[in-house]
Structure formats: C-alpha cells, structure tokens
Amino acid sequence: MVAFDKLQHPHRRYNPLLDEWILVSPHRAGRPWQGQTETQTQSERKPYDPDCYLCAGNTRANGKQNPMYDNCYVFENDFPALLNENVEPTKSTQFFKSIPERGVNRVVCFSPNHALTLAEMTVTDISEISKTWQLQYLELGSLPYINYVQIFENKGSIMGCSNPHPHGQIWAQQSIPSLIKRTQNQLKEYFAENGTNLLSDYLKEELKAGERVLFENNSFVVVVPYWATWPYETLLLSKKNHKSIAEFSEFDHLAFAEALKFVTVKYDNLFQTSFPYSAGIHQAPTDGETHEEWLFHMHFYPPLLRNAHVKKFMVGYEMLAEAQRDITPEQSAKILKSLSNQHYKDQKP
C-alpha cells in the first residue's frame, strides 16, 4: 500500500458544519499552482454616477430619491424577495408542502463613493459598515416574527450583482434558512456531546496547524478552511466566542474591519482585478434562544480559478454527486499568504 500524500492522492474531506464531504483531486493540478497574473480589462469608475440608482441624491427605479448620505445608507429593498405580510398558512400534503414566508429585505450602501469596494476603503470606514450591520441585526432581530437575519454581499456581475455601487443586502425572515438549520443542528449536536463550541475547537486546531491561517488579530482569525469548496474560499472566525455581531465592542468593529480589509485586498491582488465573491455572516438566530452552540463567522466564496477570466463552475459530478476541487486548501493558503497586504492599485511600479 502506498503512503498517503495529500498533495498527490485523491481524498475526501469532511465539513462538520454541514455534515457533508468534498472530493479533493490534487494530482490534477500536477504541482503547487502559483497562479497567473493575467489581468482583466476594467473601466475606471467615477466617485459619482448620475445613472446609478444607489448613488447619493439619485432617484431609484421605484421613483424614490436617495438622501445625500455621507456614510452607510440603509433602505427597504425596492424589489424584495420577502414581504412583510402575515399570510394564512396553506394546505399541504406529503409531497406538496409549502408554507408562507414573511420577512424584510434591506439594502446597505457601504459608501456614497461609487468607485470604491471594501478592498479600497479604509479600516475606519469599514468599521462603520460593521456597526450598521450590528444595528440592523438588533433592530430586525427584535421583531417578534423574525428568527434569522442573513447579512451578505454579492460582489461583481459574475456573482449576479446588478449594480457596481458598493453595497450589500440583509434578508431577515420568519424561518431559519435550510443551510443555517443544518449548521445549527451540527453545532448543537457537538455542543451536547462535548460541552464545547465546535467552531471554537476547530479554530484552536487551525491555529496549532498554522498552514491554513492567513490572518490573526486580537478578535478574529481568517483561514482557508480545511474543507474549502471554492478555490480561494476563506472563513473568518471570532476568537472571543461572540455568538453574533450584537456582542461586538468598538474595538471588535475595528478588528473585524481590519480582517475584512485584509481578505478583500488579498483577493484583488491575486489576479490584479476587482475580485468577485459572495460573502455572508453566519451567526446566532434571533428566535429568543441562548444558542451557546453558535460562534460568529463569515464565509467568503470567490469563484475565480486560474486568472481573472476563468471561473470555477459547479457542474457534472458536483451537481450530481458532491463538491470537488483540484488545488488543495493548503496550496490556496500558501498562494494567498504570498501576496502583498497592500492593494495592487496602491503599489508603486
């Protein structure tokens, strides 16, 4: 029998958050991949776009006018996926089940500057976004019918983002969404068996191993998770056992902003492009339970693979069997670590 080599032999890795496996096929990459630097043609955006429905002072598609905001600006989504209506339950059968879903959708403009992304904002300005998320979590979570608040950002048209203005979304809803429910079940089961927090214990092991750790300050750690699915997926974890953003102090907001700045700059520097991703916060539900099993964390799922033009698609085997990747998480971490912490636009030639 041949000795196992994680850089050469196909193997499966377990994701304890979702109770699922991912197939890793490192031999298909042939050797540790250093990444190409082919750049994507990008037009420089101006700080203000008169045609942007998110810019300060502009009129949105529904005819409402944005105020002349100078920081974060939050408004009810003009085209919400959820409606704040108390609808009578439907009749269901074994195979035709449905329930009305009540909720609130909001948009969070990160800055009045149309040309910025998180990677190009200051840590202080990003901390204001964190504070806005905290206030929204507390406000929406206090509504008696809201049991989960999902905060997320889709960046880039490749991720379905319809407007390049720096912004994210908040979907607060009556039910706990499926992936959150699966995660919660795993966290609860671990806590019941061990009396400790799954993600806190996992973080301790990642810090011991070191090879997948990208960033650490007094409040947060960023790792390429052992079970990462996307080529350059990262996971941001609280070191202070925060169950939700509600527990952040002023210091934590700045530390969180520092971590967000680090991750997004690394991404942009990888292929010297405004790197697309879907990112979102997972945290304790707002259903009135204590949720000692939860730990605040944030996922970054970026789709780019070899350069600014090549996207990883989940097709074939991945759609029909389970997720698969070629480059190992350790290789991804090594590549991201090697990149400058200074944004490529600010680097001198």
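The values are calculated or read from the model by the stated rules, or taken from the named source; none is laboratory data. Small disclaimer: the values here were computed from a predicted structure and weren't measured. With ideal geometry, Cβ positions are generated from the backbone for all residues, glycine too; neighbour counts draw on all protein chains shown. In case anyone asks, the SASA skips ligands and DNA or RNA and just uses the protein heavy atoms, side chains included. Shrake-Rupley method; radii C 1.70, N 1.55, O 1.52, S 1.80 Å.
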- Note on the structure: Set Lys208/Lys345; Lys46/Lys155; Lys188/Lys261; Lys46/Lys261; Lys240/Lys348; Lys64/Lys181, cut-off 27 Å on Cα-Cα distance; pairs above it are Lys208/Lys345; Lys188/Lys261; Lys240/Lys348; Lys64/Lys181
- Message: Over the chain, with a Gaussian network built from C-alpha contacts below 10 Å, which listed residue (Gly103, Gly156, Gly210) shows the highest mean-square fluctuation?
- Response: Gly210
- Item | Most positive-pole-ward Cα, Asn185, Ser111, Gly210, against dipole of the stretch 104-224 from beta carbon charges | Asn185
- Under 20 Å by backbone N from the virtual spin label 7 Å along Cα-to-Cβ at Ala246, the residues of the stretch 137-157 are 137-152
- Item | Added length on full extension, which subtracts the Cα-Cα distance from 0.36 nm per residue, Phe313 to Ala81 | 81.0 nm
- Could you list the GluC sites (Glu not before Pro) in the stretch 201-306 that lie in coil according to DSSP, counting only those with at most 16 other Cβ atoms within 10 Å of their Cβ? Glu211, Glu289, Glu292
- So what is the calculated 222 nm ellipticity per residue for the chain, using -39500 (n - 2.57) for each DSSP H run with n of 4 or more, over all residues, to the nearest 500 deg cm²/dmol? -8000 deg cm²/dmol
- Options Tyr69, Val123, Pro302, ranked by Cα towards positive dipole end of the chain, top entry (Cβ charges): Pro302
- Message: Debye calculation, C-alpha points only, no solvent: report log10 I(q)/I(0) for the stretch 128-264 at q = 0.09, 0.14 Å⁻¹, in the same order as the q values.
- Response: -0.31, -0.80
- Diagonalise the Cα gyration tensor of the chain and give the resulting equivalent ellipsoid semi-axes, square root of 5 times each eigenvalue, largest first, whole Å. 31, 28, 21
- Roughly how compact is the stretch 201-252, stated as its Cα Rg over 2.2 N^0.38 Å to two decimals? 1.18
- Query: Just the C-alpha atoms of the stretch 129-178: what Rg/Rh do they give, with Rh taken as the Kirkwood radius?
  - Reply: 1.04
- By how many nm would the segment from Ile99 to Ser178 grow when fully extended, if each residue of separation counts as 0.36 nm and the alpha-carbon distance is taken off? 27.1 nm
- Message: For Cys109, Cys72, give me the order by solvent-accessible area with a 1.4 Å probe, most accessible first, ignoring ligands, DNA and RNA.
- Response: Cys72, Cys109
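Which value results for Rg/Rh of the stretch 194-316 when Rg is the Cα radius of gyration and Rh the Kirkwood radius based on the inverse mean 1/r?
0.99
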- Query: Say we join alpha carbon atoms closer than 10 Å with springs in a Gaussian network model of the chain; which of Thr132, Thr90, Thr328 then has the biggest fluctuation?
  - Reply: Thr90
- Query: For the chain, modelled as a Gaussian network with Cα springs under 10 Å, which listed residue fluctuates most, Asn86, Asn113, Asn15?
  - Reply: Asn86
